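Below you'll find the structure, written out as C-alpha cells, and then a few comments.
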Amino acid sequence: MSIPPTRWYRSLASAGLLEPSVHGPARYWLKVEGSFTRAIQRECHDTFHVEVRYEGFAQPTREEARRLKIPLRQKAWIREVRLCGDGQPWVLARTIIPLSCLSGRNRVLRNLGSKPLGAYLFSSPHWRRGPLETGICQPKAPGQPRLARRSAFHDGNHSLLVGEYLLPTLYR
Ligand SMILES: C=C(O[C@@H]1C=C(C(=O)O)C=C[C@H]1O)C(=O)O
C-alpha cells in the first residue's frame with residue numbers, strides 16, 4: 001500500500017472548499033492535536049504497533065524539498081511506516097529528515113526501527129510542532145488514502161516533515 005500524490009492546503013477549511021469530505025468522519029483525525037501516535041493508541045482495543053516499510057537515504061520529492069527549504073537534489077533520511085491498530089493498518093506515515101537534522105542529540109532518529117517517532121518528538125523538550133496542513137490525495141488504487149495531514153517539527157533551526165495519510169479503515 002503506497003502513498004499517492006497529494007496536494008497540501010494550509011487549513012482544513014481551504015481543503016474543504018475542494019473536498020467537502022474533510023468535514024466528514026475523518027475530520028477528527030485531521031485536526032487532533034498532540035501526538036498522533038497517542039491518539040491512535042487511545043483508539044485501539046487491543047494492540048498498537050509501528051511497521052517500518054522503508055528507512056534510508058533517498059531523494060525527497062521536489063515539493064518536500066521546497067517545503068523544508070533544502071537543496072532539490074540533496075538526499076534525506078526518509079522513513080515510511082504503517083501505524084497499525086488491532087492488527088490492521090490505519091495510517092501510512094512518511095517522514096523526511098534532512099541531513100542537518102541527523103547530527104548531535106538527534107542521531108537517534110536514524111535508529112528508530114519500530115519505536116514510534118512521535119514518542120521521541122513529544123518526549124523531547126527541544127522539538128516544537130508547526131501548523132497542521134491538510135492533504136487531499138489522488139488515490140491510484142482501491143484502499144489507498146484519500147486524506148492526509150502534515151506538519152513540520154522544529155528543533156532550533158533544524159526541521160523535519162511528518163505526513164500522516166489516513167486509511168479508510170481508521171474513520172469508517
Ligand atoms: C509525529 C508523530 O509520529 C508518528 C509516528 C511515526 C513514525 O514512527 O514514523 C510517524 C508519524 C506519526 O504518525 C506523532 O505521533 O504525532
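Compute the Rg/Rh shape ratio of region 93-143: radius of gyration over Kirkwood radius, all on alpha-carbon atoms.
My calculation puts Rg/Rh at 1.05.
Using alpha carbon centroids, what distance separates region 110-127 and region 30-74, in Å?
Each part's Cα centre sits 11 Å from the other's.
Expressed as cubic angstrom per residue, what is the convex hull volume of the alpha carbon set of region 56-143?
138
Could you compute the net charge surrounding H126? Neighbours are other residues with a C-beta less than 14 Å from the C-beta of H126; K and R count +1, D and E count -1.
Local net charge: +3.
Please state the Cα pair-distance histogram of the chain with 10 angstrom bins from zero: what percent is in each bin?
Pair shares across the bins are 10, 40, 39, 12, 0.
Laboratory data are not the source of any read-out in this text; all were calculated from the coordinates shown. None of the values given here were measured: they were computed from a predicted structure. Heads up, the Cβs are rebuilt from the backbone with ideal geometry, glycines too, and the neighbour counts pull from every protein chain shown.
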